[in-house]
Amino acid sequence: MFNPSLFRPFWARTLLVGMTVAGLAAGTPGQARAQAAPVEMVMTDEIATSHWTAKMMDEYAALIEERSKGRIKPKVFHSGTLYKDKDAVAALGSGAVHMVWPVSVQLESIAPQYGVVNLPFAVTDAAMSKPETAQEVSKLLSGLVSDKGIRVMGLMRTADLIFLFKDKEVASVGDLKGSKIRLTGGRVLQLLMRDFGASPVSMPASEMAAALMQGAIDGIYTSAGGWEMVGTNAAKVASLVPGMSLLTYSVLVDDKWMKGLPDDLRQVVETTTNEIIAKQWQRAIDADKKTMDQMIAQGGRLAVAPEAEQAKFREIANKVNQDYVRRYPEIWKQYQAIVGNKS
């Protein structure tokens, strides 16, 4: 039987064989992608593994790996074992860290304008529970740190902050006078404490319990989760000035790393992040209440400042706000346009 392939020139038969072998080696685009090395995603925080935020980060990492079918391999480092949050923020863009969820006050060290979300009485549950408001705030904040190679993917709620003392109740501004108070950092909170007559002290969360028990500090301004970390043996009394400091976490990602991901993997990260942020605000409110109830059950006591004294706290806090407005009037104007009529 006549076989035309036998009469092809030798070079043509050689080329055909080479192309066939190359095609088999390369496989389909899907096969090549499956054979590629997984993308590493380093995430870090400085909080204890018992804290609900650490558990949420683990949950998030598991979702990323599952939805990417193992093509993204998250590595989560808790309790400051890789970096303290401040150092992790500075490391974004270096390739050493890809995502970090620091308290938002940490961003003031690289972009002072970021303090708009740390101003007393400036953030409310009512406003930030609205998805469109939260997205607009995130976009504004992201623009403030984009030159650092950082993208703000959203804000998550920490808590309505409380004062912790060994056994002293903070019922008035005067109760803070002369006290050394541990803060999460940030110019806004430091100014606020100074205006209350206290001395602000910045230190990692992992060190604050020992510092309180040893007398290196007199009190701590932190969340319900922070009280859980410290324990009632170190801090018997928690005092609340409602709404004064509703602190947030900023979900930060290395923008260059994100842009370098294949489109489908970038979509996995963006979608998963948006989903977890969307449900986190109410989840944080519920978690805080549960934690506060547990601490009280363990012998702790919660004191709420009387309404008359709350007005005095607000009066002093407004001075801090005005200092920010004088320095960054345009950012304040943009922020108020987003949340001013939504609270």
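The values are calculated or read from the model by the stated rules, or taken from the named source; none is laboratory data. All figures in this text were calculated on a predicted structure; none of them were measured in a lab. All Cβ positions, glycine included, derive from the backbone under ideal geometry; neighbour counts span all protein chains shown. Ligands, DNA and RNA are excluded from the accessible area calculation, which covers all protein heavy atoms including side chains. Shrake-Rupley method; radii C 1.70, N 1.55, O 1.52, S 1.80 Å.
The rows are residues; the columns are (1) within 30 Å of residue 257 (Cα to Cα); (2) at pLDDT below 95.
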| site | (1), (2) |
| --- | --- |
| 137 | yes, no |
| 142 | yes, no |
| 165 | no, no |
| 172 | no, no |
| 177 | no, no |
| 181 | no, no |
| 217 | no, no |
| 220 | no, no |
| 224 | no, yes |
Set 48, 134, 122, 37: member being assigned to a helix (DSSP H, G or I) and of a type in the set (A, V, I, L, M, F, W, C): 134
Filter result for residue 147 (surrounded by fewer than 17 Cβ atoms within 10 Å (Cβ to Cβ), among the acidic types (Asp, Glu) and either modelled with pLDDT of 95 or more or part of a helix (DSSP H, G or I) (or both)): yes
Single match in 326, 283 (criterion: over 21 Å from the mean Cα position of the chain (by Cα) and either of a type in the set (D, E, K, R) or surrounded by fewer than 14 Cβ atoms within 10 Å (Cβ to Cβ) (or both)): 326
Subset of the range 285-311 (residues that are modelled with pLDDT under 95 and basic (Lys, Arg)): 289, 290
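Answer yes if at least one residue in the range 25-36 is at negative phi, at pLDDT 90 or above and under 33 Å from the mean Cα position of the chain (by Cα), and no otherwise.
no
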Residues being open to solvent by less than 30 Å² (accessible area, probe 1.4 Å), over 20 Å from residue 247 (Cα atoms) and in contact with a Gly (Cβ under 7 Å, 6 or more places away or on another chain) - total across the range 70-128: 1
Inter-residue pairs, beta-carbon under 7 Å, first free of Cβ contacts under 8 Å to residues at least 12 places away in the same chain and in the range 319-330, second open to solvent by less than 100 Å² (accessible area, probe 1.4 Å) and part of a helix (DSSP H, G or I), 6+ apart: 325/332
Test: residue 281 is touching a His at 6+ places or on another chain (Cβ under 6 Å), closer than 30 Å to residue 61 by Cα, of a type outside the set (Asp, Glu) and touching a residue at least 40 places away in the same chain (Cβ under 8 Å): no
Selection from the range 60-69 of residues that are buried (at least 16 other Cβ atoms within 10 Å of the Cβ) and without any contact (Cβ under 8 Å) to a residue 60 or more places away in the chain: 61, 65
